[in-house]
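Computed from the coordinates by the stated procedures, all read-outs in this text should not be read as laboratory data. As the structure is a prediction and not an experimental result, all values here were calculated from the model. With ideal geometry, Cβ positions are generated from the backbone for all residues, glycine too; neighbour counts draw on all protein chains shown.
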Amino acid sequence: MKISEVMTKDVQTAKPGHTIQEAASLMAKIDSGAIMIEEQERLVGMITDRDIAVRGVAKGLPGNTPVSKIMSDGVRYCFEDEDVEQVAKNMADIQLRRLPVLNRDKRLVGVVSLGNIASARSQTASATVLRGVAQAH
């Protein structure tokens, strides 16, 4: 089974110039702990609720600070045509709960999470990811 069959499509994104307050509001609206940051249809980073708390609020940054100041760049990703089992192994190895999904032109087309992997009905893939993520915490 390919990642494109289980990933979440229609991903809400933010731009590097959006504020951390706007990113937090979007997270609340879509009930997600992470937002992909894109510019000209290219993935340039990701911001998580933890980034906002630790890199933003804890350092006294105002809500109008651009997300580019606290986002993670160099984001790990997978491709939409990769096998679920292989992506699950990679997620476990790098201990991540979610990965952006790109097409082969490196355009953002979705996000795959632990929940998506579980929905693939592959006990091996689900167990692999959960084991890897659990080691990180």
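For the stretch 22-44, indicate whether the set of residues that are part of a helix (DSSP H, G or I), touching a helix residue (DSSP H, G or I) at 6+ places or on another chain (Cβ under 7 Å), surrounded by fewer than 17 Cβ atoms within 10 Å (Cβ to Cβ) and touching a residue at least 40 places away in the same chain (Cβ under 8 Å) is non-empty. Taking every residue of the stretch 22-44 in turn, none turns out to be part of a helix (DSSP H, G or I), touching a helix residue (DSSP H, G or I) at 6+ places or on another chain (Cβ under 7 Å), surrounded by fewer than 17 Cβ atoms within 10 Å (Cβ to Cβ) and touching a residue at least 40 places away in the same chain (Cβ under 8 Å). Inspection of the stretch 50-66 finds no residue satisfying the criterion of being farther than 22 Å from ALA120 by Cα, of a type in the set (Ser, Thr, Tyr) and either touching a His at 6+ places or on another chain (Cβ under 8 Å) or surrounded by fewer than 15 Cβ atoms within 10 Å (Cβ to Cβ) (or both). Screening VAL101 on (1) crowded, with 16+ Cβ neighbours inside 10 Å; (2) among the β-branched types (Val, Ile, Thr); (3) over 17 Å from the mean Cα position of the chain (by Cα) shows it passes everything except condition (3).
Scanning for something in a loop (DSSP other than H, G, I, E, B), in contact (Cβ under 8 Å) with a residue 60 or more places away in the chain and of a type in the set (A, V, I, L, M), does the stretch 3-10 turn up at least one residue? Yes, because at least one residue in the stretch 3-10 is in a loop (DSSP other than H, G, I, E, B), in contact (Cβ under 8 Å) with a residue 60 or more places away in the chain and of a type in the set (A, V, I, L, M).
If you check VAL84, VAL75, VAL67, VAL101 for being out of contact with any helix residue (DSSP H, G or I) (no Cβ under 6 Å at 6 or more places or on another chain) and among the aliphatic types (A, V, I, L, M), only one passes: VAL75.
SER72 - would you say it is buried (at least 16 other Cβ atoms within 10 Å of the Cβ) and of a type in the set (S, T, N, Q)?
Criteria not met by SER72.
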